[in-house]
1. How many residues are out of contact with any Lys or Arg (no Cβ under 7 Å at 6 or more places or on another chain) and closer than 17 Å to residue 176 by Cβ when one looks only at the stretch 99-113?
2. Take residue 253 and decide whether it is farther than 19 Å from residue 316 by Cβ and either within 22 Å of the chain's Cα centre (by Cα) or surrounded by fewer than 21 Cβ atoms within 10 Å (Cβ to Cβ) (or both).
3. So which residues in the stretch 329-343 are among the hydrophobic types (A, V, I, L, M, F, W, C) and farther than 15 Å from residue 365 by Cα, if there are any at all?
4. Which residues, counting only those in the stretch 290-341, are β-branched (Val, Ile, Thr), buried (at least 18 other Cβ atoms within 10 Å of the Cβ) and more than 30 Å from residue 264 (Cβ to Cβ)?
5. Give, as residue ranges, the helices (runs of 4 or more DSSP H) completely inside the stretch 63-177 that count at least 1 residues that are acidic (Asp, Glu) and either within 27 Å of residue 383 (Cβ to Cβ) or modelled with pLDDT of 90 or more (or both).
6. From the list 177, 243, 189, 172, pick out the single residue that is of a type outside the set (Lys, Arg) and in contact with a Cys (Cβ under 9 Å, 6 or more places away or on another chain).
7. For the stretch 222-238, state whether one or more residues are in a loop (DSSP other than H, G, I, E, B) and not hydroxyl-bearing (Ser, Thr, Tyr).
8. Output the number of residues of the stretch 287-340 satisfying the condition of being touching a residue at least 40 places away in the same chain (Cβ under 8 Å), of a type in the set (D, E, K, R) and assigned to a helix (DSSP H, G or I).
Amino acid sequence: MLPAMGDNVVVSTMELEKLLSMKGGKGEASYVNNSQAQAMHAKSMLHLLKETLDRVEVEASREMPFVVVDLGCSCGINTINVVDVMIKHIMKRYEGLGLDPPEFSAFFSDLPSNDFNTLFQLLPPMPNYGVSMEECLAAKNHRSYFAAGVPGSFYRRLFPARSINVFHSAFSLHWLSQVPEAVTEKRSSAYNKGRVFIHGANEITAIAYKKQFQTDLAAFLRSRSVEMKRGGSMFLVCLGRTSLDPTDQGGAGLLFGTHFQDAWDDLVLQGLISSEKRDSFNIPVYAPSLQDFKEVVEGDGSFAIHKLEVFKGGSPLVVDQPDNASQVGKALANTCRSVSGVLVDAHIGEDLSHELFLRVEHRATCHGKDLLEQLQFYHIVASLSFVQS
């Protein structure tokens, strides 16, 4: 069990990197079993991903491998599926140009706390040694690329200079490198008293979150601009919002506010934790507006924007019986726990964390009818090409 953190102790960037991960393993609340919505959202955007891949320069030389990277890969099958789509699409481009394909390499990258073991167990096997690339690509239930895991924060350098053809990142960039320090500082005007998320907070708190997001995104772009090969492209998807008001976080606000917030308040009212303990916990997530995102990309200047839009993703809850309020409530609790449970465990301990998510489930069940309609996610979708200097 991870130790509970002290009251009003800000989680530093390095501490968050050691803790933050989607819930590993294959249990009921694991990311593996609660990422079906992400899979459906990703599938609905495949045409946009392929448009991005069509802009990548392909080389006639076979001396160097074609390299793709999934940043914020987590530990489920979704990352493997998207890498497979990318490599097969690039292979078709080589065939269409009458060029012999190179070897392919795929890097799966996430924070060191990520459950890479579960991810690697899901990887299809490579064909036997000596099989040609053409035979490898044609083999069913086998992968056509060399795979490796790369632990580390994507807000810093991860790869050698000019080594990557394509970067892909989906449903990750809304996770901040840290909770803004002012948000958990009692003497600060940005102190997020009584809340565990930005949704519904005051304007100064929202500005602190926005500044952190834009600082992080700028660091992300700087790192990729060094690592990407000339002629490379990048496809990015993160939670977004349609409101100009950053305190209205849309679907993210309903996931990490409302019932999740009420569950924390329950623990305080029942004397299980102090109000200070609650107030020193904040979810390090920011759903940007299109303008928030655009300002950073244009300010960096390393990437040309081909597409930057808000995409309606739909509900993050996948249930067999939409009219079954109990099933909806459990789905919300498991979804919330799969992405934030590790941080909650670290802050209040696993026993209280279990109690908290039981309360999330109970409250969500009481509002099951409305949840599926109200809980809708929007995403920022960005298709970018590296600008050669």
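The values are calculated or read from the model by the stated rules, or taken from the named source; none is laboratory data. Predicted model, so just to flag it, every value in this text is computed and none were measured. A quick note on method: Cβ atoms are made from the backbone with ideal geometry, for glycine too, and the neighbour counts reach across all protein chains shown.
1. 2
2. no
3. Selection gives 339, 342, 343.
4. Passing the criteria: 296, 297.
5. In the stretch 63-177, 77-96 are the helices (runs of 4 or more DSSP H) which contain 1 or more residues that are acidic (Asp, Glu) and either within 27 Å of residue 383 (Cβ to Cβ) or modelled with pLDDT of 90 or more (or both).
6. The unique qualifying residue is 172.
7. no
8. 4
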